[in-house]
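Heads up: the structure comes next, in structure tokens.
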Amino acid sequence: MADQRTEAPDSTAVRVALWRAMHVQVDSPPHVFEDEIGLRLAAPDDGWRRRPDMDPLTTSGFRAAVVARARFIEDLVVEQAGQGVDQYVVLGAGLDTFAQRRPEIASRLRVFEVDRPGPQAWKRRRLIELGHGIPDGLRLVPVDFEADESWTERLIAAGFDPARPAVVVSTGVTMYLTRDATAATLGRIASFAPGSTLAMTFLLPTELLDDADRPGLQASEEGARASGTPFVSFYTPQEMLALAQEAGLADARHVPGSLLAERYFADRADGLRPSSGEDLLLATI
């Protein structure tokens with residue numbers, strides 16, 4: 001049995017890291033987002049590029065969607081840092097590499113990565129092995145959600161100041177959580193200091209996807225179920241906005257994935273475009 005204290009990240013987190021690297025390696029410039037550090041952290045076997053879920057053509061829409069949301073989040077963090085916000089919280093951090101890729105911005109922030117204890121211990125070890133180390137401004141916050149630990153309490157114990165504004169992001173997480181769990185998360189964030197910003201992704205119901213993208217979502221659902229991490233929650237934009245407002249986030253808006261496609265992929269000669277199916281909730285406290 002694997003050591004639970006240093007268990008590797010789940011397959012979804014690794015896949016996201018590999019798609020981010022694939023964008024740099026197989027798509028034409030200009031690259032929307034550049035990240036090969038996640039690939040080095042994951043250290044897959046030599047045949048990783050031949051995996052079916054890495055096929056350059058059939059998974060191009062998913063790959064583009066992943067880099068689009070990553071770019072949107074990073075642009076938001078850089079913007080908020082420029083306005084004096086100095087705390088950045090990543091919920092379900094996985095193989096996030098902001099602190100390693102953007103040290104000029106991260107040095108002005110305290111970055112809190114919240115994740116399960118096992119994968120986070122694994123990541124800590126890999127960062128040290130690769131020579132990145134753990135700078136003082138990067139706080140890895142292990143939270144055992146199954147033991148009903150409060151991630152906000154652990155965050156404060158790690159040095160988070162609830163009286164100061166923060167940027168809080170959650171990408172690729174809500175589909176694995178019940179509606180009640182997401183509502184509880186939104187409620188906690190609503191209590192953060194005024195001036196804080198939340199960006200959270202969510203999956204749309206199948207009927208709201210473009211026809212061409214529905215088979216891909218269904219395949220993703222089947223793959224997630226087979227790997228033991230089934231999708232349990234989908235939201236229409238109206239449902240997600242209502243959930244945010246009920247949680248106390250009065251200033252919430254919907255950012256459609258199509259907006260990211262227009263912002264970051266317009267006029268590309270290679271025709272690369274994000275698949276539909278994932279939108280964002282953006283809220284200000």
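Okay, here's what the table says:
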{"item": "Efficiency of FRET from Cβ geometry, Val78 and Leu259, R₀ 22 Å, rounded to 0.05", "result": "0.75"}
{"item": "Estimated [θ] at 222 nm from DSSP helical runs (n ≥ 4, -39500 (n - 2.57)) normalised by residues in the chain, nearest 500", "result": "-12500 deg cm²/dmol"}
{"item": "Local net charge near Gly172, Cβ-Cβ under 9 Å (Lys/Arg +1, Asp/Glu -1)", "result": "0"}
{"item": "³J(HN,Hα) computed for each position of region 24-32 - Karplus, 6.51 cos²θ - 1.76 cosθ + 1.60, integer Hz, glycine/proline x", "result": "6, 7, 10, 8, 6, x, x, 7, 5"}
{"item": "Relative contact order %, the chain, counting alpha carbon pairs below 8 Å whose residues are six or more apart", "result": "20 percent"}
{"item": "In nm, spacing of pseudo-spin labels at Ala158 and Asp180 (7 Å Cα→C-beta vector)", "result": "2.6 nm"}
{"item": "Relative contact order of region 117-256, defined on C-alpha pairs under 8 angstrom at six or more residues apart (%)", "result": "22 percent"}
{"item": "Top of Ala247, Ala166, Ala157 by mean-square fluctuation, Gaussian network on the chain, Cα under 10 Å", "result": "Ala157"}
{"item": "Sites matching GluC sites (Glu not before Pro) across region 103-184 that sit in DSSP coil, with at most 14 neighbouring C-beta atoms within 10 Å", "result": "Glu149"}
{"item": "Added length on full extension, which subtracts the Cα-Cα distance from 0.36 nm per residue, Ala43 to Gln238", "result": "66.2 nm"}
{"item": "Length added when fully stretched, Arg51-Glu129, from 0.36 nm per residue minus Cα-Cα", "result": "25.5 nm"}
{"item": "Interchain or long-range residues, amide H under 5 Å from Val168's placed H", "result": "Val89, Thr197, Leu198, Ala199"}
{"item": "Estimated distance in nm for a label pair at Arg225 and Ser191, the labels positioned 7 Å out from Cα along Cα-to-Cβ", "result": "3.7 nm"}
{"item": "Calculated volume of the Cα convex hull per residue in Å³ (choose from (i) 115; (ii) 185; (iii) 133), label", "result": "(iii)"}
{"item": "Antiparallel %, DSSP beta bridges [both residues in the chain], to 5", "result": "40 percent"}
{"item": "For region 1-69 versus region 165-194, the gap between their alpha-carbon centres in whole angstrom", "result": "25 Å"}
{"item": "Leu203, Leu18 arranged by Cβ crowding within 10 Å, fewest neighbours leading", "result": "Leu203, Leu18"}
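Read the figures in this text as sums done on the coordinates, not as results from a lab. Just so it is clear, the model here is predicted, and its values are computed rather than measured. Here Cβ is always computed from backbone atoms with ideal geometry, including for glycine, and neighbour counts include all displayed protein chains.
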